[in-house]
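J.: Dumping the structure here so I can ask a few things about it.
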Amino acid sequence: MTADEPISSVPVAPAGLSNRARYFVETSGVRISRRDLRRHRDAWIGHGIPASEVDQAITFQERWGGLALPPAPFYEGGPHSLQAACPRGSAEEGWSFSAGSCRVSMAYGFRIGPDGAFGLDANRWTPLHADIDGWVESLALAAHAARCATTITKVKGKAVDSLDLRGYEQVTEVRGVTDTWWRGKDSLVALYRGAAVGLDAPQCLEAHIYGGLDDWGLYGG
């Protein structure tokens, strides 16, 4: 195995995802070369990084490394591809590692935090989803909803707080933290709060409402 491991360009979705997310990864994703982090393990531990943190990055890389997915509907498209890097931090502040480089120049990056959450490294650490699987589930749901909806409405800023979500249920598979999805009788609502929280910028708050969905649109995949 070399520093850039050659692998098939056709991805195989990791176990544990919903059928919808597996379909999304395997039909819309592309595998590119990924770095072999195991070759750096001893050196990183020798520089004082706990073995448990190094192994978490290695596990991420072997599960997700080298996967390029279609642009996300928010966060300037999300990571260009999923790639782990050397953990950074301390016992006091916690450890984290990069989840992949940005598609464009942004005021934040994407990281896996001390508790395994996927989030933004901005003015403050802001978890978006409880883990990287939740992020991928959210991308898959957005792609599915966009295909099935008869209307897509974007709401921004203060107007997001006026949305009436009574009667909606939270979509659990996206493992939402600051970003959450909600399912109603004929619509899905994606709330993107991460940039507003991480950048202390309320104007970045945004919601996408996918309307006119039937049962397949709401639950299919």
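J.: What is the Cα coordinate range of segment 95-176 on the first, second and third principal axes, sorted by size from largest, in whole angstrom?
T.: 40, 26, 25
J.: Gap in Å between the Cα centre of segment 1-70 and the Cα centre of segment 97-154?
T.: 17
J.: Suppose every Lys and Arg Cβ carries +1 and every Asp and Glu Cβ carries -1, with no other charges. What dipole size does the chain come out with about its Cα centre, to the nearest 20 debye? Don't skip to the end; give the middle numbers.
T.: Values: 22 positive and 26 negative charges, 81 e Å.
It works out to roughly 380 debye.
J.: Let me ask something else about it. Of [x] 109; [y] 175; [z] 120, which is the value of volume of the Cα convex hull per residue in Å³ derived from the coordinates here?
T.: Here the calculated entry is [z].
J.: Filter the GluC sites (Glu not before Pro) in segment 158-221 to those in DSSP coil with at most 16 other Cβ atoms within 10 Å of their Cβ, and list the result.
T.: Values: sites: GLU169, GLU173, GLU206; in loops: none.
Sites meeting the loop and neighbour criteria: none at all.
J.: For the chain, set up a GNM with springs between Cα atoms under 10 Å and report which of GLY100, GLY46, GLY29 has the largest fluctuation.
T.: Looking only at GLY100, GLY46, GLY29, the biggest GNM fluctuation is shown by GLY46.
J.: Further question: Roll a 1.4 Å probe over the protein heavy atoms and report the accessible area of THR150 in Å², nearest 10.
T.: 100
J.: Suppose each label sits 7 Å from its Cα in the direction of the beta carbon; what would the SER101-THR153 distance come out to in nanometres?
T.: About 4.0 nm, to one decimal.
J.: So what is the 222 nm mean residue ellipticity for the chain from helices alone, if each DSSP H run of at least 4 adds -39500 (n - 2.57) and you divide by all residues, rounding to the nearest 500 deg cm²/dmol? Don't skip to the answer; put the middle values down first.
T.: Numbers: 6 runs with 57 residues, N = 221.
Roughly -7500 deg cm²/dmol at 222 nm, from the helical runs in the chain.
J.: Tally up the carbon and sulfur contribution to the accessible surface of segment 102-190 as a whole percent, 1.4 Å probe, everything protein left in place. Each step should come with its number before you reach the end.
T.: Details: 1960 of 4110 Å².
That share works out to 48 percent.
J.: Continuing with the same structure: For the chain, with a Gaussian network of springs between Cα atoms less than 10 Å apart, report the residue from GLY119, GLY48, GLY94 with the top mean-square fluctuation.
T.: Looking only at GLY119, GLY48, GLY94, the largest GNM fluctuation is found for GLY48.
J.: Then there's this: Could you report segment 83-185's accessible area per residue, 1.4 Å probe, as an integer in Å²? List each step's numbers first, then the result.
T.: Numbers: 4900 Å² over 103 residues.
Heavy-atom accessible area per residue stands at 48 Å².
J.: In whole percent, how big is the carbon plus sulfur part of the accessible area of segment 29-101, probe 1.4 Å, protein atoms only? Please list the in-between numbers first.
T.: Working: 1720 of 3370 Å².
The nonpolar share, carbon plus sulfur, comes to 51 percent.
J.: Take the chain, connect every pair of alpha-carbon atoms lying under 10 Å apart with a spring to form a Gaussian network, then pick out the residue of ALA72, ALA91, ALA146 with the largest mean-square fluctuation.
T.: Checking each option, the largest mean-square fluctuation is seen for ALA91.
J.: Would you tally the net charge around THR153, using a Cβ to Cβ cut-off of less than 14 Å, leaving THR153 out, and scoring K and R as +1, D and E as -1?
T.: Working: positive: LYS154, LYS156; negative: ASP164, ASP186, GLU206.
Summing Lys/Arg as +1 and Asp/Glu as -1 gives -1.
J.: What relative contact order, as a whole-number percentage, does the chain give when Cα pairs under 8 Å and 6 or more residues apart are counted? Mind showing how you got there, number by number?
T.: Numbers: 447 pairs, mean separation 33.8, N = 221.
Relative contact order here is 15 percent.
The values are calculated or read from the model by the stated rules, or taken from the named source; none is laboratory data. Please read these numbers as outputs of a predicted model, since none were measured by experiment. Here the Cβ is made from the backbone with ideal geometry for all residues, glycine too, and neighbour counts use every protein chain on show. Heavy atoms of the whole protein, side chains included, go into the accessibility calculation; ligands, DNA and RNA do not. Shrake-Rupley method; radii C 1.70, N 1.55, O 1.52, S 1.80 Å.
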